[in-house]
1. Does Val276 meet the test of being modelled with pLDDT of 90 or more, β-branched (Val, Ile, Thr) and closer than 24 Å to Asp214 by Cβ?
2. Taking region 128-143, which residues are outside any strand (DSSP E or B) and buried (at least 21 other Cβ atoms within 10 Å of the Cβ)?
3. Can you name the condition, by its number, that Thr302 falls short on among (1) crowded, with 21+ Cβ neighbours inside 10 Å; (2) modelled with pLDDT under 90?
4. Could you tell me whether Gly63 is modelled with pLDDT under 95, assigned to a loop (DSSP other than H, G, I, E, B) and closer than 16 Å to Val189 by Cβ?
5. Please go through (1) surrounded by 21 or more Cβ atoms within 10 Å (Cβ to Cβ); (2) more than 20 Å from the chain's Cα centre (by Cα); (3) modelled with pLDDT under 95; (4) not β-branched (Val, Ile, Thr) for His121 and return the number of the only condition it doesn't satisfy.
6. Checking the condition part of a helix (DSSP H, G or I), surrounded by fewer than 17 Cβ atoms within 10 Å (Cβ to Cβ) and modelled with pLDDT of 95 or more, which residue from Arg315, Arg268 passes?
7. Mind telling me which of the residues Leu263, Leu307, Leu253 ends up being at pLDDT below 85 and hydrophobic (A, V, I, L, M, F, W, C)?
Amino acid sequence: MRLVLSGIRSWRHDLTHCLHTTFGVLLGFHGLDPLHVLGSGWGFAYRMGDVRREEYYFPCLDGSLLASLAPHHQVASRWHQPSDAIQGWAQVRAAVAAGQPVAVAADNFHLPFRPAFGDVHTNHLMTVYGFDDEAALVWVADPVPPAFNGPITVGELTAARDSGNPIRHDRDMFFTANPIANRWITVEVAAAQPALDVGFVREVLLANVSGFLDRGESGQTLRGLEGLRQFLSLVPDEPERVDEIFIVAGAILAITGLHADFLADAGRRLGLVSLVELGRMVDRVAHHWTALRIGVANARSTPLADLPLLRERGRRLLADQEAVLDSMARVGGRL
């Protein structure tokens, strides 16, 4: 049997990674606008120590992975954990045969189109949308540069999905030492995408502001602006948390960059300069996250005590975060 689903389109945002690109592909298949869905939500929530060594990590405290990314839309995702590689491929093949593309976790070390092929292990995510049983091929979509959309062998996909994802040398950083375990994800869309109108944007702005301002730190769970303040205080003081901070910062950077572009896009479509200006303010916060994340990554070789600028970067990030939330509340109240 041979089946390759149509309607698979590549989607990517410069500040995101495989989690968002993969969900973007799947949302596009279901007729939704990835920027609309993935870019409207903006917040901070993290349970201390909960980080996982995955490129597709995102703090999930209030629902599924996709629901956490898209709190303003009726979408959800579900992880599947097969018992072994044979069951893992049978399940994915059955889903695609039923007309549903899915996301699969994979080790880049075994994927011939990835720059890390045969060199670096890492815990990656991509879309599977077709297969050819006779030729033993499977169609995958991976918009992360250098980007690939086409067939590889079932054997190559199986090796990537069944990998133990080990640390072999000092280039295996951040997303290793976490077996892939043939895991895969399905996406559920419960309702049509709401119209991108003034009413929707107003609800989004006020809900996001409320989320940042109404929740603080509670035990090991950090939420909102106060939780963010607590999280950033870890950067200069706890060097053993380098990997944790790097991975969480990457997740927050991605949603911040997406939200900036969502606001700018909404402002252009609706003819509202105030939204475009808000997008620029959020983009400034994203730049802080980029610099902070790079600095933390360099802390693997340079002691954090020798990087006092990280503390200052955190202060500037918080100041700009507070400024944009004030502006969002004012703009949302006027819309």
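The values are calculated or read from the model by the stated rules, or taken from the named source; none is laboratory data. Model, not experiment: these values are computed from the prediction. So basically every Cβ, Gly included, is an ideal-geometry build from the backbone, and we count neighbours across all protein chains shown.
1. Working: modelled with pLDDT of 90 or more: yes; β-branched (Val, Ile, Thr): yes; closer than 24 Å to Asp214 by Cβ: no.
No.
2. So the first thing to find is which residues in region 128-143 are outside any strand (DSSP E or B), and the list is 133-136, 143.
Pro143, the sole residue that qualifies.
3. With (1) crowded, with 21+ Cβ neighbours inside 10 Å; (2) modelled with pLDDT under 90 applied to Thr302, the lone miss is (1).
4. Numbers: modelled with pLDDT under 95: yes; assigned to a loop (DSSP other than H, G, I, E, B): yes; closer than 16 Å to Val189 by Cβ: yes.
It is true that Gly63 is modelled with pLDDT under 95, assigned to a loop (DSSP other than H, G, I, E, B) and closer than 16 Å to Val189 by Cβ.
5. (2)
6. Numbers: Arg315 fails: modelled with pLDDT of 95 or more.
Of Arg315, Arg268, the one residue that is part of a helix (DSSP H, G or I), surrounded by fewer than 17 Cβ atoms within 10 Å (Cβ to Cβ) and modelled with pLDDT of 95 or more is Arg268.
7. Numbers: Leu263 fails: at pLDDT below 85; Leu253 fails: at pLDDT below 85.
Exactly one of Leu263, Leu307, Leu253 is at pLDDT below 85 and hydrophobic (A, V, I, L, M, F, W, C), namely Leu307.
Residues are listed down the side, and each one gets a yes or a no for (1) closer than 15 Å to Cys18 by Cα; (2) part of a loop (DSSP other than H, G, I, E, B); (3) touching a Gly at 6+ places or on another chain (Cβ under 7 Å); (4) modelled with pLDDT of 95 or more:
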| position | (1), (2), (3), (4) |
| --- | --- |
| Pro146 | yes, yes, no, no |
| Gly150 | no, no, no, yes |
| Gly155 | no, no, no, yes |
| Ala159 | no, no, no, yes |
| Gly164 | no, yes, no, no |
| Arg171 | no, yes, no, no |
| Phe175 | yes, yes, no, no |
| Asn178 | no, yes, no, no |
| Asn182 | no, yes, yes, yes |
